2 protein chains.
Amino acid sequence: MVVSLRLPSLSSLFSPSISRRYPSVLRRRHHLRPPPSSASFSAQSSAPATDVVDSRKSNQKVQEGGVTPRSQDFNAWYLDVIANAELADYGPVRGTMVIRPYGYAIWEAIQDYLNVKFKETGHSNMYFPQLIPYSFIEKEASHVEGFSPELALVTIGGGKELEEKLVVRPTSETIVNHMFTQWIHSYRDLPLMVNQWANVTRWEMRTKPFVRTLEFLWQEGHTAHATPEEAEKEAIQMIDVYTKFAYEEAAIPVIAGRKSKAETFAGAVRTYTIEAMMGDRKALQAGTSHNLGQNFSRAFGTLFTDESGQRQHVWQTSWAVSTRFVGGIIMTHGDDTGLMLPPKIAPIQVVIVPIWKKEDDKAGVLNVASSVKDALHTAGIKVKLDDTDQRTPGWKFNFWEMKGVPLRIEIGPRDVSSQSVVVCRRDVPGKQGKVFGISMEPSILEAYIKDKLDEIQSSLLGQATSFRDSNIVDVSSYDELKVAISQGKWARGPWSASDKDELKVKEETGATIRCFPFDQPHGIKTCLMTGNPAEEVAIFAKSY
Amino acid sequence: MVVSLRLPSLSSLFSPSISRRYPSVLRRRHHLRPPPSSASFSAQSSAPATDVVDSRKSNQKVQEGGVTPRSQDFNAWYLDVIANAELADYGPVRGTMVIRPYGYAIWEAIQDYLNVKFKETGHSNMYFPQLIPYSFIEKEASHVEGFSPELALVTIGGGKELEEKLVVRPTSETIVNHMFTQWIHSYRDLPLMVNQWANVTRWEMRTKPFVRTLEFLWQEGHTAHATPEEAEKEAIQMIDVYTKFAYEEAAIPVIAGRKSKAETFAGAVRTYTIEAMMGDRKALQAGTSHNLGQNFSRAFGTLFTDESGQRQHVWQTSWAVSTRFVGGIIMTHGDDTGLMLPPKIAPIQVVIVPIWKKEDDKAGVLNVASSVKDALHTAGIKVKLDDTDQRTPGWKFNFWEMKGVPLRIEIGPRDVSSQSVVVCRRDVPGKQGKVFGISMEPSILEAYIKDKLDEIQSSLLGQATSFRDSNIVDVSSYDELKVAISQGKWARGPWSASDKDELKVKEETGATIRCFPFDQPHGIKTCLMTGNPAEEVAIFAKSY
């Protein structure tokens, strides 16, 4: 027999000690649990000696189904879910990720929504090359400082050493400005508002699937305007688009606000962000929008002639959301048994599990299940019929629950007789989430299903909002902040202290300013650190 | 005044001698024509010394509008159209291309159609990393031979020299197989059918916008099957999808067939292709579908356990269409005045040009034009109202003609009174294409416009088909073949000669076998080169 190349599965790599820590709980539903391995997605724990992960380790497939309970080990749960729900796998090069169809479908749902919003707000898609002359990166001082440690460089092309090294884009502000400089001449060419869907490469040392990978997918919007007011308005508009998406589609109650100076994008004047609280209460920066001012237009000489005939540098913005958002969705929702996807971004909204014991019943059940599927599909619902006979209905229940499908429809011989189905909600465990005797008459069932999907969507947002709010503590002193952070919570308090003080908080507590939220309390405020007057509250938290 | 960085325009770079060759014709509509330049998109004519194009040349913007007549210089016309219609620009690195919104919208139309078809035929989208260990490329012998001269290599990451060089993907068969090997275990995991939309990098020496660039966008489908028959069926199915797209959407009457051994993809058993005849009668390979057999599964040990419990290597396919197709659309349709886009893939299907002389008429005309626009937009027609008062109606007519918009609606004060509009077809020049007095009553106008768009779509396909058929010559001897090729035509004739003979034809005539078409004439055939019996006719042509 030929020896095939096999890689250890994701879950074993990301959480090598799980099988020792939770043997009984886990193995109930695990047929196989691979041995701990030293290879790893992240260089954090045990970096492989080479950049290319050694694939010559024999291994066996992890049985789909069981995951480490979320309440016991959040990180192990996250990695198990990604592996078992087949959201992603890791690439052969350290820190790279293969996005598998189920994970990619979530990204497609994000794209479908945002792409329409970008166009509605006046942006056109286009594409800039990913290879950027090294000299471009050096033109904007803080930009080079921020990005140069993370660059992947092409030095050989077509078998020859290149005269100038080329950067594999970590972001495109430099090349965008190089082109804008050629396209913009007068105020009539403004505003120039474009977006691209692309891959970017950053040589990260600590990686985690979706959250931080060597290469990731994103959209990057780039705009140029005639006035600073317009640029500011655009930067705000786009963070608003992201906020609306987070709330309404991903059911993530992000907090939108302004980054502190220390956390502002390399090259930006101001960075706006949406910060999401994950299930372990760490913050995830889920999207950013930058007011770039004239930093890049000065560096690249991007000028226009204004209405009075004067030459001026353009005012710019850039904004991005990436595949990291998929990680945010996974880590916001879910429970001990696995993923829980908001209906609006779920690749499968409804799974139908047919149930039969006697072979005589099979054809009748499958027949009815198939027409129910067709009816829901026609109604625009993303539905899957799991009609394989390799697995028991119980196994299927667990599997699709783990995959986070919002609704399950069960159809057995008795349901066929009564022309009704059983509908189970993913987000309400046990019998409470199960409703019997829903008519399978298409118009009734469709309406019922759509209604339930809406209910689940709201319910997930509601739960995440309660969770967030019960984990944000208002603090008025540094001591209170330290207590809150040590309890794993977010601390919100008035802040007007220095960058140095901000660094001190980071060093002493591990927390950073996530943002100065747009939503500010009224009244007089006193800086929690210095006791001086403060205009705003800031939110501090540990983050991904 | 700050000196801005300006690049010479595309048209000057691609066709430096145009302004000298066709001064009078051209300048009629050109306000500015930049001086000839030595920098070039392609290294073919005058390669710059460095890989990074020197951008510090002062220049001015080319006025939109006039292009070199297609009948006079096809290549100059192509480059002028790309520059003036703002389809693309070149990137700072030699041979790279920036796809501008109007060009990108054509690519989006291609994506929208194919993406649906891929899903309908059972494929899921996903994403593989673009960085591939160099050792992977070496595993399949003919693959490395085909691709190694064209590779871009990352040798530095995060400031450090890498232990193993990484290839920026030129295509993904190797990394796909590395992953398939981990995912495929039994026949139940098959077929595995995926697709990705991605960028790829090939260090081409001779580049041409859209047709051949250092980096391009494409989709690449990858499938694995349990039997060779299934793989063959899949490869054929996908070339059929491409063929249907070419005919029905792009109005390009491609010829589908099998590549000769010499022209088969590096690593494939069989390559199927769609070959399109461009306006200069050169062939463009517009899409390919490969039956990979077990070449990659043997190299990467991609095995499955079949129904009888035996371990077997999987049978695979891969298939791709790229941004090159946009070049094919440009070069198939069009005339002396510019682009001519098939309605189904046109970013703008209808442009409305309001006409007024007296300031008194302006508001009324614009008002009506705006409601006509809204009505057509609501009907799902891609419509643009060009209401700027910077330009005259005549200028706008020329501009939108050059941009290839299928239909123009003119609305003046008299039309407002009579509640009717003037409709002009892009593909029928002059008065013949102009119809007066079409009612602006929404339902009537919509029906008329949709009908005309359908007519244009068919007409473009019809014209391209006549052109193609009148330029394919049936030949029965090598002498006849040489005559046909020297006249710039395609030669079709029986072929059963050797690879060496095929090479001889290439060396002596510049033509290659484009394909053995699926559509074969009946009857006994004699090889045009050797006089031996031949089973098939082949098509020979010069190509891009």
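Quick one: would you say A:Val372 is of a type outside the set (Ser, Thr, Tyr) and either outside any helix (DSSP H, G or I) or open to solvent by 20 Å² or more (accessible area, probe 1.4 Å) (or both)? No: the conditions fail for A:Val372. B:Ser308 meets the conditions (1) closer than 30 Å to B:Lys117 by Cα; (2) assigned by TED's automatic domain parsing to the domain that holds B:Thr273 in every case but one. The failed one is (1).
Considering the conditions (1) buried (at least 16 other Cβ atoms within 10 Å of the Cβ); (2) assigned to a strand (DSSP E or B); (3) facing chain A (nearest Cβ under 8 Å); (4) of a type outside the set (A, V, I, L, M), B:Gln196 is excluded by exactly one of them, (3). Evaluation of B:Gln182 against the conditions (1) more than 9 Å from every other protein chain (Cβ to nearest Cβ); (2) more than 24 Å from A:Gln130 (Cα to Cα); (3) free of Cβ contacts under 8 Å to residues at least 12 places away in the same chain shows that the sole unmet condition is (1).
Taking segment A:115-143 as the range and being at pLDDT below 95 and of a type in the set (D, E, K, R) as the test, the residues that pass are A:Glu138, A:Lys139, A:Glu140. Within segment B:418-432, identify whether any single residue is in a helix (DSSP H, G or I) and either open to solvent by less than 20 Å² (accessible area, probe 1.4 Å) or in contact with a strand residue (DSSP E or B) (Cβ under 6 Å, 6 or more places away or on another chain) (or both), and answer yes or no. So far as segment B:418-432 goes, no, none of its residues is in a helix (DSSP H, G or I) and either open to solvent by less than 20 Å² (accessible area, probe 1.4 Å) or in contact with a strand residue (DSSP E or B) (Cβ under 6 Å, 6 or more places away or on another chain) (or both). When residues in segment A:91-140 are screened for being assigned to a loop (DSSP other than H, G, I, E, B), more than 7 Å from chain B (Cβ to nearest Cβ) and in contact with a Phe, Trp or Tyr (Cβ under 9 Å, 6 or more places away or on another chain), 4 of them pass. Entry remark, segment B:163-193: residues being open to solvent by 30 Å² or more (accessible area, probe 1.4 Å) and assigned to a loop (DSSP other than H, G, I, E, B) number 2 in total. Sort out which residues of segment A:378-422 are basic (Lys, Arg) and within 14 Å of another protein chain (Cβ to nearest Cβ), and write them in order of number. Residues satisfying the conditions are A:Lys382, A:Lys384, A:Arg391. Each residue in segment B:199-221 was checked for being facing chain A (nearest Cβ under 9 Å) and among the acidic types (Asp, Glu), and 2 pass. Scanning segment A:242-263 for residues that are among the charged types (D, E, K, R) and within 30 Å of A:Leu453 (Cα to Cα) gives A:Lys244, A:Glu248, A:Glu249.
Looking at B:Gly146, is it at pLDDT below 95, touching a Phe, Trp or Tyr at 6+ places or on another chain (Cβ under 8 Å), more than 9 Å from chain A (Cβ to nearest Cβ) and open to solvent by less than 40 Å² (accessible area, probe 1.4 Å)? Answer is yes for this residue. The residues on offer are B:Val483, B:Val473, B:Val405, and the sole one that is over 23 Å from the mean Cα position of the chain (by Cα) and not in a helix (DSSP H, G or I) is B:Val473. Selection of segment B:451-467 for residues being surrounded by 15 or more Cβ atoms within 10 Å (Cβ to Cβ) and within 16 Å of B:Glu248 (Cβ to Cβ) yields B:Leu453, B:Glu455, B:Ile456, B:Gln457, B:Ser459, B:Leu460, B:Leu461, B:Gln463, B:Ala464, B:Thr465. For segment B:505-526, a residue qualifies if it is out of contact with any helix residue (DSSP H, G or I) (no Cβ under 9 Å at 6 or more places or on another chain) and not hydroxyl-bearing (Ser, Thr, Tyr), and the qualifying residues are B:Glu507, B:Phe516, B:Pro517, B:Asp519, B:Gln520, B:Pro521, B:His522, B:Gly523, B:Ile524, B:Lys525.
Among the residues of segment B:319-329, just one is more than 19 Å from B:Lys244 (Cβ to Cβ) and either small (Gly, Ala, Ser) or out of contact with any helix residue (DSSP H, G or I) (no Cβ under 6 Å at 6 or more places or on another chain) (or both), namely B:Gly327. Take segment A:434-450 and flag every residue that is under 27 Å from A:Phe245 (Cα atoms), open to solvent by less than 70 Å² (accessible area, probe 1.4 Å) and not aromatic (Phe, Trp, Tyr). The answer is A:Glu446, A:Ala447, A:Ile449.
Among the strands (runs of 3 or more DSSP E) confined to segment A:247-316, the ones with at least 1 residues that are out of contact with any His (no Cβ under 7 Å at 6 or more places or on another chain) and crowded, with 19+ Cβ neighbours inside 10 Å are located at A:255-258, A:270-277, A:283-293, A:311-313. With respect to the stated conditions, B:Gly437 is in the same structural domain as B:Asn367 (by TED's automatic domain parsing) and not in a loop (DSSP other than H, G, I, E, B).
Every condition in (1) touching a Phe, Trp or Tyr at 6+ places or on another chain (Cβ under 7 Å); (2) assigned to a helix (DSSP H, G or I) holds for A:Ser459 except the one numbered (1).
Filter segment B:149-162 down to the residues that are open to solvent by 10 Å² or more (accessible area, probe 1.4 Å) and within 30 Å of the chain's Cα centre (by Cα), then identify the one that is nearest to the other protein chains (Cβ to nearest Cβ).
Out of the qualifying residues, it is B:Leu153.
Annotation note: Cβ proximity below 8 Å between a residue of segment B:158-177 that is in the same structural domain as B:Trp197 (by TED's automatic domain parsing) and a residue that is assigned to a loop (DSSP other than H, G, I, E, B) and polar (S, T, N, Q) (sequence gap 6+ or interchain) occurs for B:Glu163/A:Thr50; B:Glu164/A:Thr50; B:Val168/B:Gln130; B:Arg169/B:Gln130; B:Asn177/B:Thr302. For segment A:318-358, a tally of residues being farther than 16 Å from A:Ile449 by Cα and in a strand (DSSP E or B) returns 8. Residue-level check: of (1) assigned to a loop (DSSP other than H, G, I, E, B); (2) on the phi < 0 side of the Ramachandran plot, B:Arg492 misses just (1). Considering only residues in segment B:201-246 that are among the small types (Gly, Ala, Ser) and over 15 Å from the mean Cα position of the chain (by Cα), the one that is most open to solvent (accessible area, probe 1.4 Å) turns out to be B:Ala226.
The values are calculated or read from the model by the stated rules, or taken from the named source; none is laboratory data. Since we're looking at a predicted model, the values are computed, not measured. Note that each Cβ is placed from the backbone with ideal geometry, even for glycine, and that neighbours are counted across all protein chains shown. All accessible areas refer to the heavy atoms of the entire protein, side chains included, with ligands and DNA or RNA removed. Shrake-Rupley method; radii C 1.70, N 1.55, O 1.52, S 1.80 Å.
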